[in-house]
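Bear in mind that the values in this text are calculations on the coordinates, not laboratory data. Owing to the predicted nature of the structure, the values given are computational and were not obtained by experimental measurement. Note: ideal-geometry Cβ built from the backbone for every residue, glycine included; neighbour counts use all protein chains shown.
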Amino acid sequence: MVTNSNRNDTSENLPDFSDPEDFVDDISNEDLLPELMQTEPRLDRSVNKIIIIDNIPKVGPKEKKERLRKVLNNLLKNYGKIINDYYPEDENQVLKGYFFVELEDENLAQKAVSELNGYHLDKMHCFKVNLFGDIEKYKNLVIREEDIGEPAPFKNQGNLKWWLTKPEAYDQICIQHGENIISVLLNTPNGPQTLISREKWSETRFQWSPKGHYLCTFHERGIALWAREEFNKFERFSHSGVQLIDFSPCENYLVTCNPSRAGVDDQAVIVWCVRTGKKKRAFSCDRSVSFSWPYFKWNFDDKYFARLGNDCLMVYETANFSLVEKKSIKIPHIKDFEWSPANNYISYWVAEHNNVPARVVLIEVPSKTEIRSKNLVNVVDCKMYWQSVGDFLCVKVERYKKANVVKDENEKETLRYSGIYYNLEFFRIREKQIPVDSLEIKENCYSFAWEPNGQRFAIISGEATSRTTGSFYRVASPTATVAGKLELIKELKNRAVLQISWSPNGQHCVLITSASKQQAASCHAEFYDVQSNDVILSNKIEHEHMTDYEWDPTGRYFVTYVSYWNYRLENAFIMWNFQGRQLQKQVFDKLYKFSWRPRPPTLLSPEQVKEIRKNLKQYSEKYNALDSTRQRIVSQEQLEKRRKMMAEFSNFRRIAAKRLAEQKVKRLELRNGVDVESGENEVEEIEYTVQFLVETKKEEVNE
Amino acid sequence: MKPILLQGHERSITQIKYNREGDLLFSSAKDKKPNVWFSINGERLGTYNGHNGAVWCIDIDWETINFMSGSADNTCKIWDARTGQVKTNYETKNPVRSCGFSYSGNLAMYTTDSTLKENCYIIVRDLRLSEQDSPVHLIDVTGMKFPKITSSIWGSLEDTVITGHETGEIMLWDFRKTSSEPNYKIRPHTKQVMDLQKDKDSTCFISASKDFNSKLFDLENIKELKCFKTEKPVNSAAISPIRDHVLLGGGQEAVDAALYSKSGKFEARFFHLIFEQEFAKVRDHFGPINYVAFHPDGKSYSSAGEDGFVRVHYLDQSYFDFDIKYN
């Protein structure tokens, strides 16, 4: 207090700042100076910066430990400075197989946990990473009886295969027509019967799932699946602005895509579980590679899905929806890949680069072992076609004779190819060491298609679209003495066909001029019966303005139709049998889309199928009898209907006749008593001569 | 059998009509001169010269004395059918779209287009009165807020008129009624009614519309009786005088046709009148068919197209042998 009194001496007017004698300080420093107190040094007791990494190699020798520590530190360098680490050892100075690391930042520690968990240090050691704090948390976790709760009640999914269990087993057709009406029709022998029809069922279009269990409709908010006999809602997948969808082959997963959000956020592509409706993983669309749909290509049993990355192949597994072994497969200059439809094989090709030839490679997944590869030179492009059961792979190689570097106006160098020709490389997957045959095509190759489940294939080639050649080949199996080879079955010259459509059962094949989106001068299709050593034309048909075509799943019917999306008039579908005989034509006021309901593969064993084929005669007798009875009933019904229409119209005619009779007097009066109906009082007929031109002849007269 | 081709017009044909006996066939086109032909051999008998615009409609009375034509030059003319002299010239304020003689041939009915300035009218004139006399009936259609008339026929006798409209309506107007409102008003079509034609006895009539349909109605009360569905616009429909058949002609509009179609693919289609089933088609025109008409004997028909040709078809024996079974 002495000092205070001293100051008072210098300035008489200053108040006294000192606390009174009885003052009690009841305001804490924190309240008074919160900013300052924040920076007060404190002892950090948080354990959230410490992580435990489990499953490291249990090594003993000192130098090995040092080396391991170096490797591990290197791994952790992405997560900030290492404050402290500790490697517990057992009594023999051997590592216990886990260690503790303290990092400088909590967020980085979190990141390390999520990224390093599951990391494969080598084949034997897969990391298990946890926060140290979590150990404490889980230790104290008490699972109480009431927390477990009741198991979710069993939800009956209904019969998703109901349409196959009907005695008639009519195939179903879904069409979109009129003012956005979607109808499901039954393809009965007496023409289509409407099963269900809903207006505005979908906001844009519809799609069947690959095995036909679900009907998908598109909405602004997402995708809806409809199933069961009543076509009631099965599941909803909300993904706003969805435009593209793709099912995995076994229908376990659904991929939805909103292309407008590609690269914008991480919800551009979403993979869903179809059965539970749960979101499995969302992806932001990778913009480093050109976008193409489907974004992911699935393997045959839904275990893996993959996509092309920038110089890499990204293979994900559905077990945990992350990259297989947490990393993508580095393949510089990879251009495209395809899954085998029957094995976990991936075929891919890499482009030529710096005088290294292009390569087509076959690898096994997930081992990544290369099974077969082939080098190719002078390659422009490759297209890979797997046969439907994965026995063969055909690679259509577009090759050039000359490549010139051309500079465009921006001084950008591009390659211009000349002397384009094609090579088809056939990989015989099931044979030892996978032999490869090639077939050279000197002209333009327009289409290639394998016969489903078969060993044959069709090619359409030619110099111009108006003059093409359709060729049918067979891949002959090797015998004890002769190696397998390609055999030409038949060549069909001078066609105008461009597209190939095999029946799903093989043997029958339709070649189509071009069901293009543009109008074609004449759109025709040729039906062929492909036999073991001949190809026979069954029929040639024409459907004006045809825009689309589709085989039914059983290979009995072929449908051509005119879609309103491409041509606004004459919207109709025509159903042909597999030989090209017209069965029926249905005209619609706007027909947008026609789609057969797919059928899942048969549950019968190959032996049972064989048995049925053997006894086909008995079956056909039975079904023919059924058909003819049905036909009789129909013609009866038809006649009955016509009789009724006739009776109704006769009734109208009677009334009209009565009316006419009543008006007769008035009519006569109006025409001055001339009865035009009976010809009475008619004016005398006038006679005149008429000349007919019979022939014109040109003759030269000589003077 | 090969059709007889009548090449006399320079532009697309708008209407063709047989006289009651069927020996003559009258035709009008977007050029200015209606023609008359012998239906038996296709020889041209003469032309009616005097219009100064496209001729939209024609009619011939029951005695083949008077011939009537309505044109875009804002006149409706009554001609001496034999000499080709104009007898009466009715001036209108708008193009004349449709016309017709009454049962007796004494009354002439015609309708005019509506434009921004002028209304669409139904006008009935008595030929026995002079040109300057006011019309017997005058109905202001636009004034009643109805869409423009695109085709019309006389109803039963001389008392009613049936009109087809631009947006698919069909109305029946009864002159015996004092009120000017139509007696019946329906909208059987969603698009323009292109043509109305009566059957031989005037008991029913058939409509043709751009909405791809053609329909049959009771002439007395315009009750819908039948519907014939196609997948192209129907420009004209006719009822066979001897068989239970109807004939439809049409095709996509000229603009679309030029873009999409190849030549020779425009067809006239035969439907069964009662069972509404299509059973035959004749493809030969190079453009949409604008008008079809049956010969009064039912053994031949003519079709007229956007291509400017009239084709007279004599039907084959197989046509007469054909029948749809119903008992």
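Which of the lysines could be linked to A:Lys490 by a straight reach, that is with a Cα gap under 26 Å, when you skip same-chain ones fewer than 8 residues away? Reachable lysines: A:Lys383, A:Lys396, A:Lys442, A:Lys540. Three principal axis extents of chain B based on alpha-carbon atoms, in descending order, are 53, 40, 40 Å. Here the average projected area of the convex hull drawn through the C-alpha atoms of the stretch B:87-203 stands at 7.6 nm². In this calculation the C-beta distance from A:Leu626 to A:Gln193 is compared with R0 = 22 Å, giving a FRET efficiency of 0.85. Within straight-line reach of A:Lys666, meaning a Cα separation under 12 Å, sit the following aspartates and glutamates at least 8 residues removed in sequence or on another chain: A:Asp675, B:Glu158, B:Asp159.
Mean partner shielding of peptide B:299-309, defined as the number of other chain Cβ atoms within 10 Å of each residue Cβ, is 0. Taking the convex hull of the alpha carbon positions in the protein assembly as shown and averaging its projected area over all directions gives 84.5 nm². Length available on full extension from A:Lys698 to A:Glu491: 0.36 nm per residue minus the Cα-Cα distance, which gives 69.7 nm.
Annotation note: trypsin sites (Lys or Arg not before Pro) in the stretch A:548-617 located in DSSP loop regions with a Cβ neighbour count of at most 13 within 10 Å are A:Arg581. Here the contact order of the stretch B:4-321, divided by its residue count and restricted to Cα pairs under 8 Å and six or more residues apart, works out to 12 percent. Using a simple spin-label model with pseudo-atoms 7 Å out from Cα toward Cβ, A:Ser322 and A:Glu168 lie 5.4 nm apart. Residues within the reach of a label modelled at A:Arg659 (point 7 angstrom out along Cα to beta-carbon, backbone nitrogen below 19 Å), restricted to the stretch B:160-184, are B:160-164, B:170-177, B:182-184.
Placing unit charges on each Cβ (+1 for Lys and Arg, -1 for Asp and Glu) gives chain A a dipole about its Cα centre, and among A:Gln433, A:Val665, A:Phe100 the Cα reaching farthest toward its positive end belongs to A:Gln433.
Spatially, the stretch B:80-98 and the stretch A:124-180 are offset by 81 Å when compared through their Cα centroids. Ranking A:His239, A:Phe283, A:Pro249 by Cα position along the charge dipole of the stretch A:229-303, where only Lys, Arg, Asp and Glu carry charges on their C-beta atoms, puts A:Phe283 farthest toward the positive end. Here the label points at A:Val690 and B:Cys227, each 7 Å from Cα along the C-beta direction, are separated by 4.0 nm in the simple model.
Per-residue extension of 0.36 nm, minus the Cα-Cα distance of A:Ser650 and A:Arg467, leaves a gain of 60.2 nm for this segment. Legend: calculated FRET efficiency, A:Tyr86 to A:Lys111, from the Cβ-Cβ distance at R0 = 25 Å, rounded to 0.05, equals 0.75. Exposure proxy for B:Lys145, A:Lys383: other Cβ atoms within 10 Å of each Cβ, ordered fewest to most, give B:Lys145, A:Lys383. If you plug the beta carbon distance of B:Glu278 and A:Asn375 into 1/(1 + (r/R0)^6) with R0 = 60 Å, you get a FRET efficiency near 0.45. Remark: spin-label model distance A:Gln157-B:Glu181 equals 6.2 nm, labels positioned 7 Å along the Cα→Cβ axis. Among A:626-639, A:261-274, the peptide with the highest mean count of other Cβ atoms within 10 Å heads the list, and the full ranking is A:261-274, A:626-639.
Summing charges over neighbours of A:Ser635, with a neighbour being any other residue whose Cβ is under 13 Å away from its Cβ, gives +3 when K and R count +1 and D and E count -1. Dipole orientation for the protein assembly as shown: of the candidates B:Gln252, A:Ile82, B:Val124, B:Gln252 has the Cα lying most toward the positive pole (charges on Cβ; Lys, Arg +1; Asp, Glu -1). Neighbours of A:Pro366, meaning other residues whose beta-carbon lies under 10 angstrom from its beta-carbon, give a summed charge of -1 when Lys and Arg score +1 and Asp and Glu score -1.
The dipole here belongs to chain A: it is taken about the Cα centre, uses +1 on the Cβ of Lys and Arg and -1 on the Cβ of Asp and Glu, and is about 3720 debye. Averaged over the residues of peptide A:635-644, the number of Cβ atoms from other protein chains lying within 10 Å of each residue's Cβ is 2.
Per residue of peptide B:59-68, the mean number of Cβ atoms on other chains within 10 Å of the residue Cβ is 1.
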